[in-house]
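Since the structure comes first, as structure tokens, the remarks are kept for the end.
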Amino acid sequence: MRLSSGTKLLLPFLAVMTVFFMAPLCIALGYSFMAPDPMGGVKPAFSLSGYQQFLYSADLDGNLQWDTRYLEIIFGSTKLAVMATLACLLIGFPMAWFMATRPAHQRDAWMILITIPFWTNLLIRTYAWILILRSNGLVNRGLLETGIIDAPLELLYNPYAVGMGLVYSYLPFMILPIYSSLERMDWRLVEAAQDLYATRLRILWHVVLPASVPGIVGGTILVFIPTIGSFLAANLLGGGRNMMLGNLIENQFGMARNWPFGAAISVLLIAFVMIGLMLIARRGQGLKGVVG
Amino acid sequence: MSDRLVIQSVTKFFGSAQNPVRAVDDLSLNVRENEFFTLLGPSGCGKTTLLRLIAGLESCDTGKILLDGVDIAGLPANKRPVNTVFQSYALFPHMTVADNIGFGMSMQGKDAKDIEKATADALALMRMENFGARYPSELSGGQQQRVALARALVNRPKILLLDESLSALDYKLRKDMQIELKRLQRETEITFIFVTHDQEEALSMSDRIAVMERGRIGQLGTPQEIYHRPVSRYVADFIGICNFVAAPSLGLSESGHIGFRPEDATLLIREGQQPDVAGPIVHGKLDALSYHGAVTYYQVTLDSGETVTVADHEKLPVGVDARVRVALLPDMLIRCAS
Ligand SMILES: Nc1ncnc2c1ncn2[C@@H]1O[C@H](COP(=O)(O)OP(=O)(O)O)[C@@H](O)[C@H]1O
Ligand SMILES: [Mg+2]
């Protein structure tokens with residue numbers, strides 16, 4: 001078979017995709033159907049135990065019992081990820097709007113400011129929040145010294161701290177796509193709406209928001225997917241008390257030494273995200289006819 | 001007829017304080033009710049800025065804008081009973097044609113039933129009854145143009161502003177739209193302020209024309225006044241072709257320059273040939289001729305060294321380098337400040 005030159009040019013890309021993306025996924029998929037080796041790793045035998053563990057736990061006699069602990073973790077993580085994504089959207093949209101409405105020469109400066117956090121490792125940045133929020137941290141000391149409170153507040157190790165950590169970490173991923181659609185928006189449409197008796201709020205609703213839909217969709221995907229699988233914020237700011245899916249997966253490959261279960265959770269998470277993306281893509285097809 | 005719009009000494013600056021650009025410079029004019037009024041001028045003379053000042057999309061630095069006698073200079077765009085057909089059309093891409101047209105009325109809180117009826121009427125007026133459910137991206141340029149028109153007209157504004165609305169269209173479509181626009185203006189009896197840099201378009205469509213020159217009005221008048229009695233050489237040159245020669249070259253005992261239009265002169269190619277109307281006659285040599293179908297232009301270098309263009313309906317039996325005479329219609333001579 002002869003390959004066209006276009007296909008040949010694609011070969012390096014396909015090779016990289018295979019090695020870095022497809023291979024790990026295939027390994028995870030394979031491991032999820034094997035039996036755990038108590039020393040870590042897997043035993044090369046077919047087993048559904050990885051998936052079974054979601055809904056059933058085995059007691060000492062080996063009887064399976066209905067168990068909702070993991071479902072609760074899935075539900076809790078999804079809820080936290082949804083809330084964090086919503087919060088990112090609510091904070092990110094006005095920030096993106098602010099940036100997009102600056103004069104052209106100021107916008108680049110704002111872009112750099114937004115990306116500055118990425119110059120430092122996420123672990124260090126998340127750890128810094130502990131220093132800020134802990135009982136003798138910056139916030140509590142400030143409040144104590146100004147006399148607003150007389151005992152330190154318990155700001156860390158609750159779902160709010162985890163949510164805040166997630167919003168902090170992933171906010172730029174919401175701002176940048178929205179900013180990029182707002183920056184590309186045709187401002188003459190705003191003037192047309194003004195000319196046609198629209199108030200500011202209505203212009204926002206009828207013109208600006210529809211124009212920023214691609215950015216909102218992109219930002220939502222970029223924030224939701226990493227937050228639902230994240231474990232750093234839950235580990236550090238939640239103190240391990242608020243387990244998320246990411247922590248569960250990390251545990252199975254670490255302390256719990258149950259690789260098939262970890263792989264099974266990962267596979268389910270990927271499937272969940274893929275279905276979501278496909279639904280968005282289907283909607284996108286519908287939208288495309290509209291936006292052209 | 002009474003004045004719909006009066007602009008009094010309006011000035012608009014752009015740029016920095018050190019380096020200000022006067023886009024509109026102490027400009028005054030009046031537009032009458034039910035008038036097809038044209039702002040004509042070269043690119044950069046401030047036409048768009050003036051329209052945006054009227055629409056409220058820019059604010060004036062000085063001066064008043066009176067609409068039916070009320071100063072609207074302080075009102076925001078969405079409170080002015082004035083609508084614009086933008087040069088880029090600026091149709092909302094995510095709305096159907098019908099929703100685009102109904103947008104203004106819906107923002108004014110009109111009844112859904114009324115909006116539906118007005119939208120259908122507007123589509124009928126544009127002869128686009130079957131296009132209501134389409135999206136702008138599914139329309140041709142000419143159709144988008146008509147939707148933009150309908151979207152503005154449906155609000156029955158006191159003034160409709162059109163910014164170079166036809167310049168993006170190709171020649172044939174443009175001629176059709178010129179006629180269409182005149183029809184719409186007659187039928188709706190709405191005051192139109194039409195911006196163009198095309199003098200032919202301005203002459204053929206307007207009740208009155210304001211020729212703009214660097215943020216000011218060079219001349220305001222009917223097409224005939226502007227064409228036959230231009231007040232300055234700038235206006236005369238901008239509208240059609242105008243020859244200017246020194247008065248003594250024409251054998252006239254006055255100073256300054258005399259202007260005349262190519263069609264207000266006759267080319268005499270035979271010895272002893274007399275013009276139909278007696279007037280100044282000058283000698284020269286035929287330099288070039290160009291045939292345009294309905295008219296042929298003859299470029300003549302006069303014995304004084306000046307070059308003029310003469311138009312004739314006929315292709316005369318004469319060749320380049322021939323000695324000719326140019327006879328001028330005495331009533332049509334243009335005397336204006338330089
Ligand atoms: N927003 C603006 N900022 C700075 N200068 C402007 C702006 N808009 C217009 N101008 C300047 O004002 C002058 C008139 O522009 P414009 O009204 O667009 O002219 P026209 O529509 O007749 O081509 C031009 O010199 C232009 O460069
Ligand atoms: Mg313009």
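Answer yes or no: is there a residue in the stretch A:145-165 that is over 21 Å from the mean Cα position of the chain (by Cα), assigned to a helix (DSSP H, G or I) and farther than 15 Å from A:G238 by Cβ. Checking the stretch A:145-165: at least one residue is over 21 Å from the mean Cα position of the chain (by Cα), assigned to a helix (DSSP H, G or I) and farther than 15 Å from A:G238 by Cβ.
Residue by residue, here is whether (1) crowded, with 20+ Cβ neighbours inside 10 Å; (2) closer than 24 Å to A:S266 by Cβ; (3) β-branched (V, I, T) holds:
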| position | (1), (2), (3) |
| --- | --- |
| A:W187 | no, no, no |
| A:L196 | yes, no, no |
| A:L201 | no, no, no |
| A:L232 | yes, yes, no |
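Just to be sure, is B:R52 in contact with an Asp or Glu (Cβ under 8 Å, 6 or more places away or on another chain) and within 13 Å of chain A (Cβ to nearest Cβ)? Answer is yes for this residue. Could you please let me know if A:L196 is at the interface with chain B (Cβ under 7 Å from one of its Cβ atoms) and farther than 19 Å from A:L113 by Cα? It is true that A:L196 is at the interface with chain B (Cβ under 7 Å from one of its Cβ atoms) and farther than 19 Å from A:L113 by Cα. Here the condition is being among the β-branched types (V, I, T), more than 14 Å from chain B (Cβ to nearest Cβ) and out of contact with any Phe, Trp or Tyr (no Cβ under 8 Å at 6 or more places or on another chain); of A:T227, A:T220, it holds for A:T220 alone.
Looking only at the stretch A:76-135, count how many residues are among the hydrophobic types (A, V, I, L, M, F, W, C) and part of a loop (DSSP other than H, G, I, E, B). Result for the stretch A:76-135: 0. Identification of strands (runs of 3 or more DSSP E) wholly contained in the stretch B:239-338 with 1 or more residues that are closer than 26 Å to B:H197 by Cα and either among the polar types (S, T, N, Q) or not assigned by TED's automatic domain parsing to the domain that holds B:Q199 (or both) yields B:243-246, B:257-260, B:281-291, B:296-302, B:307-312. Those residues that are surrounded by 21 or more Cβ atoms within 10 Å (Cβ to Cβ) and in a strand (DSSP E or B), I need them from the stretch B:50-66; list them, please. Answer for the stretch B:50-66, where residues must be surrounded by 21 or more Cβ atoms within 10 Å (Cβ to Cβ) and in a strand (DSSP E or B): just B:I65.
If I ask for residues that are assigned to a loop (DSSP other than H, G, I, E, B) and within 12 Å of B:N100 (Cβ to Cβ), which ones from the stretch B:139-154 would you list?
Those that are assigned to a loop (DSSP other than H, G, I, E, B) and within 12 Å of B:N100 (Cβ to Cβ): B:L139, B:V154.
Of all the numbered requirements in (1) part of a loop (DSSP other than H, G, I, E, B); (2) at pLDDT 95 or above, B:L169 misses one, and that requirement is (2).
Meeting the requirement of 3 or more residues that are among the β-branched types (V, I, T) and in contact with a strand residue (DSSP E or B) (Cβ under 7 Å, 6 or more places away or on another chain), no helices (runs of 4 or more DSSP H) wholly within the stretch A:172-253 can be named.
Scanning the stretch B:99-136 for residues that are closer than 22 Å to A:T199 by Cβ, within 14 Å of chain A (Cβ to nearest Cβ) and in a helix (DSSP H, G or I) turns up B:D99, B:N100, B:I101, B:G102, B:F103, B:G104, B:M105, B:S106, B:M107, B:I115, B:A118, B:T119.
Here the stretch B:148-198 is the region considered, the condition is being of a type in the set (D, E, K, R) and within 16 Å of ligand 2 (Cβ to nearest atom), and the residue that is nearest to the other protein chains (Cβ to nearest Cβ) is B:D163.
Listed by position, the strands (runs of 3 or more DSSP E) enclosed by the stretch B:3-49 that each have at least 3 residues that are within 16 Å of ligand 2 (Cβ to nearest atom) and surrounded by 14 or more Cβ atoms within 10 Å (Cβ to Cβ) are B:20-32, B:36-40. Given the conditions (1) within 16 Å of ligand 1 (Cβ to nearest atom); (2) over 30 Å from B:A236 (Cα atoms), which single one is not true for B:F37? Single failed check for B:F37: (2).
Looking across the stretch B:55-86, the residues that are out of contact with any Ser or Thr (no Cβ under 7 Å at 6 or more places or on another chain), within 16 Å of ligand 1 (Cβ to nearest atom) and at the interface with chain A (Cβ under 10 Å from one of its Cβ atoms) come down to B:G56, B:L57, B:A77, B:T84, B:F86.
For the stretch B:191-218, the tally of residues that are more than 16 Å from ligand 1 (Cβ to nearest atom) and crowded, with 21+ Cβ neighbours inside 10 Å stands at 4.
The values are calculated or read from the model by the stated rules, or taken from the named source; none is laboratory data. For clarity, every value in this text was computed on a predicted model and none was experimentally measured. Glycine gets a Cβ as well: all are built from the backbone with ideal geometry, and neighbour counts include every protein chain shown.
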